[in-house]
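Read the structure below first, then the notes.
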Amino acid sequence: MAIDTIEPSSISAGAASGPRVSFRPSSAIITIAAICLIVVVASAIFAGVLAPQDPQKLAPAMRLKPGMPGFPLGTDAYGRDLLSRILHGGRISLMIGVGAAIVSVTIGLTIGLVSGFFRWADAIIMRIMDGLMAIPSILLAIAVVSLSGASLKTVLIAIIIPEIPRVVRLVRSVVLSAREEPYVEAAIAIGSSLPKILWRHLMPNTFAPLIVQGTYICASAILTEAILSFLGAGINPETPTWGNIMAEGRAFFQIKPSLIFWPGVVLSIAILSINLIGDATRDALDPRMKQRGTGK
Amino acid sequence: MLGYLIRRILAAIPVMGVVALVVFLLLRLTPGDPAAIIAGDLATPEQLERIRTSLGLNEPLHTQFFTWIWRILQGDFGVSLISQVSVIKMIGQRIEPTISIALSTITVAILIAVPLGVIAAWKHGTWIDRVVMSLSVLGFSVPVFVVGYVLIQIFAIEFRWLPVQGFRSITGGFGPFFERAILPTMALSFIYIALIARITRASMLEVLGEDYVRTARAKGIGEAGVLMRHALRNAAVPVITVIGTGFALLISGVVVTESVFNIPGIGRLTVDAVLARDYPVIQAMILLTSGLYVTVNLVIDLAYTLLDPRIRY
């Protein structure tokens, strides 16, 4: 039925914690998305070489200058080169995206396996997850950061907590259907140990949807970090992240809109590319999805 | 139906219980003295003691929890640590802009997204479909604050058609209210339009392949009648569902949008409370928005029976 197009595997939609709906991009769009992502990742990795200036170097005489040789996108309110800050900012933003995806998938996988396999634990775990999912993720994240202090670790924790219930739900749903399969019954019948059943027979079923979910979490985490920084509840403002650069640009928006525009464009391209690649990965890993939701 | 309603309300109790526990433990599980965390590094011993007394931090943990829950059930969310005003009173003073923006966003989003989704499904595979789908992908990827600033740049700074920021109450006249509400509504509805348009399209595509649609066409009913009366009514359940589940998007979006457009609503109140570590306000906002989310989704579940009489609880 039509509701199938809101996949549990893709319920993430970023910081907003709303549902994410499937999209079937064409191969040309996926290629463009992949190229964009490679460029963004490569420019973040090689920021030290590519950046024309030191992203932290203050130059009051150069403040809010337009683009010029050596400063292609101009400078910010402290005279720092905008392009260099965007390139370096990608490092932290992408690191948060990948880190949040890996950690939340790992924790969610463990809890989801337990919840899906042990009926006695399921009721308790799922009530806790339902409760966590009812809290708007951005409110929970800014509350965690404000109480624990703004550091990379705190921001990561604040982003990961709201993502875990979504992974748990996904893993649980996969395990619930897989545990009724004959091969699991056979494994139980021949006396396989519990860790072995979970590890060798149930967990591999979760890999495909988790890879897809991981990409959505990555995009969502990058967006949440940007929102947290933008609201003033993110990583130390001196550290260049895409969110921090935009947050600093707010006060000067009417004089120099490019301080928000350029990091916003790069952030949007990164999130769009990751989301499109997530959709393409889902189609590649589960060809049935291609037929579903097309209405044919 | 009554039995289902009671079951659903009972099921919401543990969910809200977990929310309350998380909100309560958030401060208590943070390393360090909660009073010092709230008051900051420059607090005097008197200020720390006042916060401890106000939050009941000198009591055992379980006593603190049950006392706190009991007060909340009576509608007492405490007093702001900064302004010393009742939290409920503060929220009451700031709720109007938020409700105005949220309601106008939902209205605009539905009015734009549902027709877009219907047309995209009707013209499936054509350029119209591709444009609608591309816009909806963009809606998910461009952060609301970037959309907000782009709109300000275009409509307020370049063309000078609308004010840059601010809010005017509707009681002071519709004109000033309207011109300040346009840009925040447009910014906030972008992602909501993306979500609803996509679901409407998918749901309509499903329904348009059904036998009763073919029958309606065979009877000679006009295309508009087929789409609106036969297809859209049957495609409505997933659309209404996503409006409910997307409610979380709206809450997060409101927090950001109010900051971009300098709107004195409860989103801005929350951000200010977080930056000032005004914990009673943060607690109240998380509890109330979570409660609202649970309630909205409960109401939507019950609305299914009105939309689709085949659904019986």
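When restricted to residues that are open to solvent by 30 Å² or more (accessible area, probe 1.4 Å) and either in a loop (DSSP other than H, G, I, E, B) or among the hydroxyl-bearing types (S, T, Y) (or both), region A:60-83 contains 10.
How many residues does region B:1-19 hold that are surrounded by 15 or more Cβ atoms within 10 Å (Cβ to Cβ) and under 11 Å from B:L298 (Cα atoms)? The number of residues fulfilling the criteria is 2. Within region B:9-31, the set of residues being more than 9 Å from chain A (Cβ to nearest Cβ) and not hydrophobic (A, V, I, L, M, F, W, C) comprises B:R28 only.
Filter region B:211-251 down to residues that are at the interface with chain A (Cβ under 10 Å from one of its Cβ atoms) and not small (G, A, S), then give me how many there are.
Restricting attention to region B:211-251, the residues satisfying the condition of being at the interface with chain A (Cβ under 10 Å from one of its Cβ atoms) are B:234-235, B:237-239, B:241-242, B:244-251.
With the extra rule that they be not small (G, A, S), the set shrinks to B:234, B:237-239, B:241-242, B:245, B:247, B:249-251.
Qualifying residue count for the region: 11.
Evaluating A:L139 against the criteria (1) open to solvent by less than 10 Å² (accessible area, probe 1.4 Å); (2) in contact (Cβ under 8 Å) with a residue 24 or more places away in the chain; (3) not small (G, A, S) leaves one unmet condition, (2).
Condition check ((1) more than 10 Å from chain B (Cβ to nearest Cβ); (2) modelled with pLDDT under 90) across all residues:
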site	(1), (2)
A:V98	yes, no
A:I102	yes, no
A:T106	yes, no
A:T110	yes, no
A:A121	yes, yes
A:L140	no, yes
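I'd like to verify a number: residues in region B:117-132 that are open to solvent by less than 60 Å² (accessible area, probe 1.4 Å) and either touching a helix residue (DSSP H, G or I) at 6+ places or on another chain (Cβ under 7 Å) or part of a helix (DSSP H, G or I) (or both), how many?
Applying the first criterion (open to solvent by less than 60 Å² (accessible area, probe 1.4 Å)) to region B:117-132 yields B:117-118, B:120-121, B:125-126, B:128-129, B:132.
The next check asks that each one be either touching a helix residue (DSSP H, G or I) at 6+ places or on another chain (Cβ under 7 Å) or part of a helix (DSSP H, G or I) (or both); those that pass are B:117-118, B:120-121, B:128-129, B:132.
Counting residues in region B:117-132 that are open to solvent by less than 60 Å² (accessible area, probe 1.4 Å) and either touching a helix residue (DSSP H, G or I) at 6+ places or on another chain (Cβ under 7 Å) or part of a helix (DSSP H, G or I) (or both) gives 7.
Annotation note: of A:I245, A:I260, A:I211, the sole residue that is buried (at least 17 other Cβ atoms within 10 Å of the Cβ) and under 18 Å from the mean Cα position of the chain (by Cα) is A:I211. Every test in (1) within 14 Å of chain B (Cβ to nearest Cβ); (2) open to solvent by 10 Å² or more (accessible area, probe 1.4 Å); (3) over 22 Å from B:T245 (Cα atoms) is passed by A:D130 save one, and that test is (3). A:Q254 falls short on exactly one of the conditions (1) buried (at least 19 other Cβ atoms within 10 Å of the Cβ); (2) of a type outside the set (G, A, S); (3) within 9 Å of another protein chain (Cβ to nearest Cβ); (4) part of a loop (DSSP other than H, G, I, E, B), and that condition is (1). What is the one condition in (1) assigned to a helix (DSSP H, G or I); (2) outside the structural domain of B:L25 (by TED's automatic domain parsing) that B:S83 does not satisfy? So B:S83 meets the others, but not (1). Taking the criterion of being more than 14 Å from chain A (Cβ to nearest Cβ), more than 20 Å from B:G246 (Cβ to Cβ) and open to solvent by 40 Å² or more (accessible area, probe 1.4 Å), the residues of region B:176-210 that qualify are B:P176, B:F178, B:E179, B:R180, B:I182.
In region B:267-281, how many are at the interface with another protein chain (Cβ under 7 Å from one of its Cβ atoms) and touching a residue at least 40 places away in the same chain (Cβ under 8 Å)?
First, the residues of region B:267-281 that are at the interface with another protein chain (Cβ under 7 Å from one of its Cβ atoms): B:270-271, B:274-275, B:277.
With the extra rule that they be touching a residue at least 40 places away in the same chain (Cβ under 8 Å), the set shrinks to B:277.
Final tally of qualifying residues: 1.
Restricting attention to region B:159-175 and to residues that are under 17 Å from B:S104 (Cα atoms) and of a type in the set (F, W, Y), the residue that is most open to solvent (accessible area, probe 1.4 Å) turns out to be B:F174.
Going by the structure shown, is B:I88 part of a helix (DSSP H, G or I), without any contact (Cβ under 8 Å) to a residue 24 or more places away in the chain, hydrophobic (A, V, I, L, M, F, W, C) and surrounded by fewer than 19 Cβ atoms within 10 Å (Cβ to Cβ)? The answer is no for B:I88. The residues in region B:253-268 that are part of a helix (DSSP H, G or I) and open to solvent by 10 Å² or more (accessible area, probe 1.4 Å) can be counted, and the count is 3. Within region B:165-179, residues that are aromatic (F, W, Y) sit with their Cβ atoms under 6 Å from residues that are open to solvent by 60 Å² or more (accessible area, probe 1.4 Å) and outside any helix (DSSP H, G or I), at 6+ positions apart or across chains, in these pairs: B:F177/B:R168.
Kindly indicate which of B:I99, B:I106 is open to solvent by less than 50 Å² (accessible area, probe 1.4 Å) and in a helix (DSSP H, G or I). Don't jump to the end; show me each part of the working.
Details: B:I99 fails: open to solvent by less than 50 Å² (accessible area, probe 1.4 Å).
Step by step, each of B:I99, B:I106 is checked, and only B:I106 is open to solvent by less than 50 Å² (accessible area, probe 1.4 Å) and in a helix (DSSP H, G or I).
The numbered conditions (1) open to solvent by 60 Å² or more (accessible area, probe 1.4 Å); (2) part of a loop (DSSP other than H, G, I, E, B) are all true for B:L111 except (2).
Which ones in region B:71-85 are more than 21 Å from B:S259 (Cα to Cα) and open to solvent by less than 60 Å² (accessible area, probe 1.4 Å)? Even if it seems obvious, please write down each step before you answer.
If we filter region B:71-85 for residues that are more than 21 Å from B:S259 (Cα to Cα), which is where we start, we get B:71-79, B:81, B:84-85.
Passing the criteria: B:I72, B:G75, B:F77, B:G78, B:L81, B:V85.
Inside region A:105-161, residues that are within 19 Å of the chain's Cα centre (by Cα), charged (D, E, K, R) and under 23 Å from B:V296 (Cα atoms) make up a count of 0.
Tally the residues that are of a type in the set (K, R) and out of contact with any Pro (no Cβ under 9 Å at 6 or more places or on another chain), restricting the search to region A:158-203.
So in region A:158-203, the residues of a type in the set (K, R) come out as A:166, A:169, A:172, A:179, A:196, A:200.
Okay, now just the ones that are also out of contact with any Pro (no Cβ under 9 Å at 6 or more places or on another chain), so A:172, A:179, A:196, A:200.
Total satisfying the criteria: 4.
From B:I72, B:I51, which residue is away from every other protein chain (no Cβ under 13 Å) and under 25 Å from A:A134 (Cβ atoms)? Among B:I72, B:I51, only B:I72 is away from every other protein chain (no Cβ under 13 Å) and under 25 Å from A:A134 (Cβ atoms).
Filtered by the rule that a residue be more than 7 Å from every other protein chain (Cβ to nearest Cβ) and crowded, with 24+ Cβ neighbours inside 10 Å, region B:133-151 gives B:S136, B:V144, B:V147, B:G148.
State whether the residues of region B:279-298 include one that is more than 30 Å from B:R180 (Cα to Cα) and either open to solvent by 40 Å² or more (accessible area, probe 1.4 Å) or of a type in the set (G, A, S) (or both). No; the residues of region B:279-298 include none that is more than 30 Å from B:R180 (Cα to Cα) and either open to solvent by 40 Å² or more (accessible area, probe 1.4 Å) or of a type in the set (G, A, S) (or both).
The values are calculated or read from the model by the stated rules, or taken from the named source; none is laboratory data. The structure displayed is predicted, hence computed values, not measured ones. Neighbour counts run over all protein chains shown; Cβ positions are idealised from the backbone, glycine included. When the accessible area is computed, the model is the full protein with side chains, heavy atoms only, and any ligands, DNA or RNA have been set aside. Shrake-Rupley method; radii C 1.70, N 1.55, O 1.52, S 1.80 Å.
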